[in-house]
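First comes the structure, then the notes that go with it.
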Amino acid sequence: MSKVLVVATSRKTRGGITAVVRAHEAGAQWKKYHCRWIETHRDGNMLVKLWYLLTGWVTFMALLPSCDMVHIHLSEPPSAWRKRWFFMPFARWMKKKVIVHFHAFSPETTIRSRYNKVYGYVFGKADRVVVLSEFWRKEVAGVFDLGDKVRVIYNPCTAHTPLNDTVTEPQPGNVWMMPCPYVILYAGTVNARKGYADMIRAFARIAGRHKDWMIVFAGNGEIEKGQALADELGIGHQTLFLGWVDGADKDRAFREATVFCLPSYAEGFPMGVLDAWAYGLPVITTPVGGIPDVAEDGKNMLLFKPGDTETLSRQMERMMTEESLRRHIAGESRRLAETLFSLDTVNHEVEALYGELLK
């Protein structure tokens, strides 16, 4: 009976890694290989973080002798550092198979940074390195000589919503006590890397011509700064910050949206876009991270270069005014969610990788 230890952040931590591991947990391979989630990090103060690291390590060491493989999820340098010193050396010492699943958003902050040797050690000791897109496969191959170790497995659409056979136009309504019936939704941390300010500036160019539209931000971060910018540009009444949403609130935000927009500068594979596809929302975004693997501008999404607010405003207005385009791209979103990025597809790929190493 094969056993796999999955080393990752806590179930209570916000972010993409937790969402991905939860999705893997729902797959048949989780039970087949008797996977056990070892939680090594949680949002909070230093004492909370240290407690999770130490208790995670103790649990890991207690279970390591009886397991067959370790599946390590990591991203930015603090995450890589924890896995390099507390988990990888012991897994290799006990001669376990190891998968390293790399979720970073920028090569410059990770594999091309001063922490290059940390990633080099972890990747070099792994039996397989999983990356989120062809972009990341090329980046990793350009820095490290890993032979044929690297595999691409996309993040899945993790939103648990039924996908109907037909595409229907979202209906206007009084959502979240909003003053406008049509919504362009942003979901993710409200910070500079995600480009939230670009979205505000782009919408401000056209908001006066579309009084029945507004932009809504779902996520924690620079909320006060963002609201101040919207007020300064005269669109405060057409801008809403929901803060962090999850569960039923997140479901409602996506169901009530008309269009999804993520103006990000760097990504692994953005979970917000995957969620939008799961809900059948037409997407406007930037060709960063894994997006270029599937993007066809004007066919399955609308694209613009990071920071190009003029083009973003034009793409927004196209979505707002061309109903047939909006409906077509919504249908393509659902197709992606049901095929290449479905939970079943991705979990089958994870299961195949486990089988490849443990046969």
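The values are calculated or read from the model by the stated rules, or taken from the named source; none is laboratory data. Fair warning: this is a prediction, and the values are worked out from it, not measured in the lab. With ideal geometry, Cβ positions are generated from the backbone for all residues, glycine too; neighbour counts draw on all protein chains shown. Side chains are part of the model used for accessible areas, which takes the heavy atoms of the whole protein and leaves out ligands, DNA and RNA. Shrake-Rupley method; radii C 1.70, N 1.55, O 1.52, S 1.80 Å.
Side notes on the structure shown:
- Against the numbered list (1) in contact with a strand residue (DSSP E or B) (Cβ under 8 Å, 6 or more places away or on another chain); (2) part of a helix (DSSP H, G or I); (3) farther than 22 Å from V143 by Cβ; (4) small (G, A, S), A19 comes up short only at (1).
- Enumeration of residues in the stretch 22-44 that are assigned to a loop (DSSP other than H, G, I, E, B) and either surrounded by fewer than 22 Cβ atoms within 10 Å (Cβ to Cβ) or without any contact (Cβ under 8 Å) to a residue 60 or more places away in the chain (or both): A26, G27, H34, T40, H41, R42, D43, G44
- Candidate set: the stretch 205-233, residues that are touching a residue at least 60 places away in the same chain (Cβ under 8 Å) and among the hydrophobic types (A, V, I, L, M, F, W, C); chosen: the one farthest from V273 (Cα to Cα): I206
- Filter result for L47 (open to solvent by 30 Å² or more (accessible area, probe 1.4 Å) and either of a type outside the set (S, T, N, Q) or not in a helix (DSSP H, G or I) (or both)): yes
- Considering residues of the stretch 277-291 that are touching a Cys at 6+ places or on another chain (Cβ under 9 Å) and among the hydrophobic types (A, V, I, L, M, F, W, C) only, the residue farthest from D249 (Cα to Cα): I284
- Residue within the stretch 271-291 that is polar (S, T, N, Q), farther than 30 Å from K32 by Cβ and in a helix (DSSP H, G or I) present: no
- Residue check for G307: assigned to a loop (DSSP other than H, G, I, E, B) and farther than 28 Å from A26 by Cβ: yes
- Scanning the stretch 79-94 turns up no residue that is touching an Asp or Glu at 6+ places or on another chain (Cβ under 7 Å), outside any strand (DSSP E or B) and either hydrophobic (A, V, I, L, M, F, W, C) or open to solvent by less than 30 Å² (accessible area, probe 1.4 Å) (or both).
- Single residue of R334, R327 found to be in a helix (DSSP H, G or I) and either under 26 Å from G208 (Cβ atoms) or in contact with an Asp or Glu (Cβ under 8 Å, 6 or more places away or on another chain) (or both): R327
- Some residue of the stretch 306-324 being open to solvent by 30 Å² or more (accessible area, probe 1.4 Å), at positive phi and under 23 Å from the mean Cα position of the chain (by Cα): yes
- Residue match in the stretch 234-253 (condition: in contact with a strand residue (DSSP E or B) (Cβ under 8 Å, 6 or more places away or on another chain), without any contact (Cβ under 8 Å) to a residue 12 or more places away in the chain, open to solvent by 40 Å² or more (accessible area, probe 1.4 Å) and of a type outside the set (K, R)): yes
- Residues satisfying the stated conditions in the stretch 203-233, i.e. outside any helix (DSSP H, G or I), on the phi < 0 side of the Ramachandran plot and surrounded by 14 or more Cβ atoms within 10 Å (Cβ to Cβ): H210, W213, M214, I215, V216, F217, A218, N220, E222, L233
- Subset of the stretch 234-251 (residues that are more than 13 Å from F217 (Cα to Cα) and in a helix (DSSP H, G or I)): H237, G247, A248, D251
- Hits in the stretch 95-133 (condition: under 30 Å from T286 (Cβ atoms), in a helix (DSSP H, G or I) and out of contact with any strand residue (DSSP E or B) (no Cβ under 6 Å at 6 or more places or on another chain)): N116, V118, Y119, G120
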